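A quick write-up on the structure given underneath.
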Amino acid sequence: MRRLSHVFNRLSVPRALGHLPSGLSAAWAGWRRRLGYCGRALGYGTAALLVLLAIVFTVARVWLPSLAEKRQEIADFLSERSGYRVSIERIEAYWEGLNPGLRAYQVEVVSPTTGRPAIRLAELRLTLAWLPLLIGKPEINSLVLVRPSLVFERLADGRFAISGLDPVAAD
């Protein structure tokens, strides 16, 4: 520590400028001390932020694969929210860069009238954005539907509907 302060004292502005009045020299010493405190605070803050981010990423890496075990709960939740029976064959977690995501395979939305799948997806990829996730409001970063299979029908009023599902009301 003594060597480092010796280097700073030799390179300090007042010495480089030559002899300064004692008032200016004292003021410079006060500013140098304040800058040292700010530098240390900035360093500690940065270190704390990096540790926090490391903890968040570690928790996410451990927690995300556990969602694959909750396949039926996720399918039930989607069924409840959509009003149609949703089935999912398999779910796995993945990372796209720094963004966490889920892959759902063989997703089917079953028509309540015919009992047959109205929508089939070979794979659904869902990637979440980090910042909204950290504040507790999950937001979809990307949604990719792989090999979707659905049939559209034209209604009498000219609108389109997915065959087997109720049409959306016109605005």
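Take the residues in region 54-65 that are hydrophobic (A, V, I, L, M, F, W, C) and open to solvent by 70 Å² or more (accessible area, probe 1.4 Å); name whichever of them is modelled with the highest pLDDT.
The residue in question is Ile55.
Going by the structure shown, is Ser87 of a type in the set (Gly, Ala, Ser) and at pLDDT 75 or above?
Judged against the criteria, Ser87 is a match.
Can you find a residue in region 61-82 that is within 17 Å of Ile162 (Cβ to Cβ) and touching an Asp or Glu at 6+ places or on another chain (Cβ under 9 Å)?
no
I'd like to check something: does region 66-80 contain any residue that is among the polar types (S, T, N, Q), modelled with pLDDT under 80 and either part of a helix (DSSP H, G or I) or open to solvent by 40 Å² or more (accessible area, probe 1.4 Å) (or both)?
Scanning region 66-80, I find at least one residue that is among the polar types (S, T, N, Q), modelled with pLDDT under 80 and either part of a helix (DSSP H, G or I) or open to solvent by 40 Å² or more (accessible area, probe 1.4 Å) (or both), so the answer is yes.
Looking only at residues in region 119-139 that are closer than 15 Å to Leu78 by Cα and among the aliphatic types (A, V, I, L, M), which one is nearest to the chain's Cα centre (by Cα)?
The qualifying residue nearest to the chain's Cα centre (by Cα) is Leu126.
Go through region 133-158 residue by residue and tally those that are at pLDDT below 80 and among the basic types (Lys, Arg).
0
Is it the case that Ser87 is small (Gly, Ala, Ser), open to solvent by less than 50 Å² (accessible area, probe 1.4 Å) and part of a helix (DSSP H, G or I)?
It is false that Ser87 is small (Gly, Ala, Ser), open to solvent by less than 50 Å² (accessible area, probe 1.4 Å) and part of a helix (DSSP H, G or I).
Would you check which residues across region 90-124 are over 16 Å from Ser149 (Cα atoms) and acidic (Asp, Glu) and list them?
Glu92, Glu96
The values are calculated or read from the model by the stated rules, or taken from the named source; none is laboratory data. Note that this is a predicted model, so its numbers are computed, not measured. Heads up, the Cβs are rebuilt from the backbone with ideal geometry, glycines too, and the neighbour counts pull from every protein chain shown. Surface accessibility is based on the protein's heavy atoms, side chains included, excluding ligands, DNA and RNA. Shrake-Rupley method; radii C 1.70, N 1.55, O 1.52, S 1.80 Å.
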